[in-house]
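Inspection log for the structure reproduced underneath, given as structure tokens.
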Amino acid sequence: MLLHVRYLKVCQLLIFASCRCVAMMGVEDVLSAAEPVSRPNIVLILADDMGHGHVSRLNPQAKFQTPHIDRLASQGVTLTDAHSGSAVCSPTRYGLLTGRYAWRTKLVSGVLKPYDPPLIEANRLTLPALLKQHGYHTACVGKWHLGWDWQLPQNGGEPDFRQPIAGGPTTRGFDHYFGTDVPNYPPYCYIENDRTLGLPTAHKEQVRLEGRAGAMLPGWKFDAILPGLVERGERYIASRAATREPFFLYMPLTSPHEPINPSAEFRGKSGLGALADFILETDAVVGRIAAAIERAGIADNTLFIFTADNGSSTYAGGDELIRLGHAPSAKFRGFKASIYEGGHRVPFMARWPGQIAAGSTSTETICLTDMLATMAQVVGAKLPDDAGEDSYNVLGALRGESHSMPIREATVHQSAAGQLAIRQGRWKLIVPLGPERKPILDDPTQATLYDLEADPVEQHDRAAAEPEVVARLTKLLDQYRRTGRSHPPREG
């Protein structure tokens, strides 16, 4: 009898300790303790310059419809508070693939230029590399814009295109790459793995919004780029589905970024100009990839995500759409490159039958840096502490799980100029830039504070009225910068 009583007391102590441990854990930690869901195929489409308001599901006043993206949303979840890691291209792509904010790298502002070296460090764990470790075949089809080790001549000029190109996608976790690198940068040609397809021996002159001067493949046509990418994506899905092994297809599209060159089928289709036509073609790409997944018979075991790298530009036709009454950022302030919501709040839809409820919506704040930790959870992987420093597992948000507290402690936004803002709940603090593109954190009088619940258009500065909030968020942003991470350290 005495032994039985002691046993019950030990069990009670163990239960108490377990509950206390869970209570001390954050929402994301509890989710991470769960078993992996499965090993689904993963298809992630990243549109380029696709503003929040360019998706009719998110903008009831849109001047055109995006039926294929809307259909994806109706079959899965729409996240209305999703953010790119930056308001411009290269840094967002870095963050998506590494789970780390790009402002921690040498690229503290702007984007990579033609023939720049790789931004992703050679020894850094990437999303495709993680999935490869768990039996996935991985492919990138589309715009890379994360640098290569081009063989540049010492006296300047363009690379020797007869040589392999090191440091590209196939050295950063992808088994296969096909794309144009950057549609408005040389070389103007397709690249497959580490070689140009053909030699770009012609020369393109610089034309505003149609690309910089540089080497071009003879006969290169801008309006053929997007159809070429989607055809490769369809072929990849069909071939990998036949193997019955899981795959990851990352499709960073070249649209609706400039050069604004919709293919013949879409020219004039919107009645609102070339940019709107190009957006309709981008929407059609989503439909074609969805159809390829369904034809292959793998829709029930495929996590299909559509999102974008930043907001819409105004200089490449966006200003014309605004004059016609269309709002590229919907109700939000700002556009591509801006620190305001229109610069970095992006569409995000995800479909996964049996795991994600059809037609659901989540208001959880997420960032594209979260893809690494989320996919790690999906496949049952444990991230090392030196990977995904700004990546949270947001699978619970995709699956509609209710949380007593936000998954992310806070989210840092970045403008093209390198300006930073920190978002926590309803509050968004924007700090000014100082010398060498460093945020000014020692003078709270220069910061701007917005209450996004009461003021989603970011018109009313609340900094003077909420000094405690300003102080708290300034301290947290400084902590994130000094420690090199926003996610708490992970146990080994």
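The figures follow:
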{"read-out": "Qualifying position, being outside any strand (DSSP E or B) and among the hydrophobic types (A, V, I, L, M, F, W, C), among Ile69, Ile45", "value": "Ile69"}
{"read-out": "Residue within the stretch 186-193 that is free of Cβ contacts under 8 Å to residues at least 40 places away in the same chain, over 14 Å from His145 (Cα atoms) and either among the charged types (D, E, K, R) or not assigned by TED's automatic domain parsing to the domain that holds Asp49 (or both) present", "value": "yes"}
{"read-out": "Every residue from the stretch 44-70 that is farther than 25 Å from Val88 by Cβ and in contact with a Lys or Arg (Cβ under 6 Å, 6 or more places away or on another chain)", "value": "Asp70"}
{"read-out": "Any hit, the stretch 81-97, residues being part of a loop (DSSP other than H, G, I, E, B), under 26 Å from Lys382 (Cβ atoms) and out of contact with any His (no Cβ under 9 Å at 6 or more places or on another chain)", "value": "no"}
{"read-out": "Qualifying residue in the stretch 222-240 (condition: more than 25 Å from the chain's Cα centre (by Cα), closer than 24 Å to Asp149 by Cβ and modelled with pLDDT of 95 or more)", "value": "no"}
{"read-out": "Search result, residues across the stretch 439-456 that are more than 13 Å from Val470 (Cβ to Cβ) and out of contact with any helix residue (DSSP H, G or I) (no Cβ under 9 Å at 6 or more places or on another chain)", "value": "Glu453, Ala454, Asp455"}
{"read-out": "Close pairs from the stretch 203-228: first without any contact (Cβ under 8 Å) to a residue 24 or more places away in the chain, partner in a strand (DSSP E or B) and small (Gly, Ala, Ser), Cβ under 7 Å, at least 6 apart", "value": "His203/Ala215; Lys204/Gly214; Pro218/Ala202"}
{"read-out": "Residue in the stretch 26-36 that is outside any loop (DSSP other than H, G, I, E, B), buried (at least 20 other Cβ atoms within 10 Å of the Cβ), at pLDDT 95 or above and within 30 Å of the chain's Cα centre (by Cα) present", "value": "no"}
{"read-out": "Cβ pairs under 9 Å, 6+ apart, first in the stretch 112-132 and closer than 16 Å to Ala381 by Cβ, second aromatic (Phe, Trp, Tyr) and part of a loop (DSSP other than H, G, I, E, B)", "value": "Thr126/Phe174; Pro128/Tyr136; Pro128/Phe174; Ala129/Phe174; Leu130/Tyr136; Lys132/Phe174"}
{"read-out": "Matching option when the condition is among the aliphatic types (A, V, I, L, M), crowded, with 23+ Cβ neighbours inside 10 Å and at pLDDT 95 or above, among Val111, Val141", "value": "Val141"}
{"read-out": "Out of Gln154, Gln133, sole residue that is more than 17 Å from the chain's Cα centre (by Cα), over 22 Å from Leu46 (Cα atoms) and at pLDDT below 95", "value": "Gln154"}
{"read-out": "Boolean, Leu372 is surrounded by 24 or more Cβ atoms within 10 Å (Cβ to Cβ) and under 26 Å from Arg472 (Cα atoms)", "value": "no"}
{"read-out": "Failed item in (1) touching a Ser or Thr at 6+ places or on another chain (Cβ under 6 Å); (2) more than 24 Å from Asn41 (Cβ to Cβ), with Pro227 passing the rest", "value": "(2)"}
{"read-out": "Selected residue (criterion: surrounded by the fewest Cβ atoms within 10 Å (Cβ to Cβ)) from residues of the stretch 184-206 that are assigned to a loop (DSSP other than H, G, I, E, B) and of a type in the set (D, E, K, R)", "value": "Glu205"}
{"read-out": "Matching residues, the stretch 167-183, being surrounded by 21 or more Cβ atoms within 10 Å (Cβ to Cβ) and among the polar types (S, T, N, Q)", "value": "Thr180"}
{"read-out": "Some residue of the stretch 227-244 being within 28 Å of Ser313 (Cβ to Cβ) and in a loop (DSSP other than H, G, I, E, B)", "value": "no"}
{"read-out": "Hits in the stretch 140-191 - residues which are of a type in the set (D, E, K, R), touching a helix residue (DSSP H, G or I) at 6+ places or on another chain (Cβ under 9 Å) and more than 14 Å from Ser90 (Cα to Cα)", "value": "Asp149, Arg172, Asp175"}
{"read-out": "Residue match in the stretch 268-285 (condition: under 19 Å from Trp144 (Cα atoms) and either assigned by TED's automatic domain parsing to the domain that holds Arg399 or more than 18 Å from the chain's Cα centre (by Cα) (or both))", "value": "yes"}
{"read-out": "Contacts under 6 angstrom Cβ, first residue in the stretch 157-183 being assigned by TED's automatic domain parsing to the domain that holds Tyr250 and at positive phi, partner buried (at least 21 other Cβ atoms within 10 Å of the Cβ) and in a helix (DSSP H, G or I), 6 or more apart", "value": "Gly173/Pro128"}
{"read-out": "Tally of residues being surrounded by fewer than 17 Cβ atoms within 10 Å (Cβ to Cβ), part of a strand (DSSP E or B) and not aliphatic (A, V, I, L, M) across the stretch 144-166", "value": "0"}
{"read-out": "Where Pro256 falls short, out of the listed (1) closer than 21 Å to Ile42 by Cα; (2) in contact with a strand residue (DSSP E or B) (Cβ under 8 Å, 6 or more places away or on another chain)", "value": "(1)"}
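For (1) more than 20 Å from Gln419 (Cα to Cα); (2) of a type outside the set (S, T, N, Q), each residue gets a yes or a no:
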residue	(1), (2)
Thr307	yes, no
Glu320	yes, yes
Val346	no, yes
Leu368	no, yes
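Conditions tested, residue by residue: (1) among the charged types (D, E, K, R); (2) surrounded by fewer than 22 Cβ atoms within 10 Å (Cβ to Cβ); (3) more than 18 Å from Asn41 (Cβ to Cβ).
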| position | (1), (2), (3) |
| --- | --- |
| His344 | no, no, yes |
| Ala350 | no, no, no |
| Pro353 | no, yes, no |
| Gly359 | no, yes, yes |
| Pro384 | no, yes, yes |
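The values are calculated or read from the model by the stated rules, or taken from the named source; none is laboratory data. This one's a predicted model, so the numbers in the text were calculated from it and none came from an experiment. As a convention, Cβ positions derive from the backbone with ideal geometry for all residues, glycine included, and neighbour counts pool all protein chains shown.
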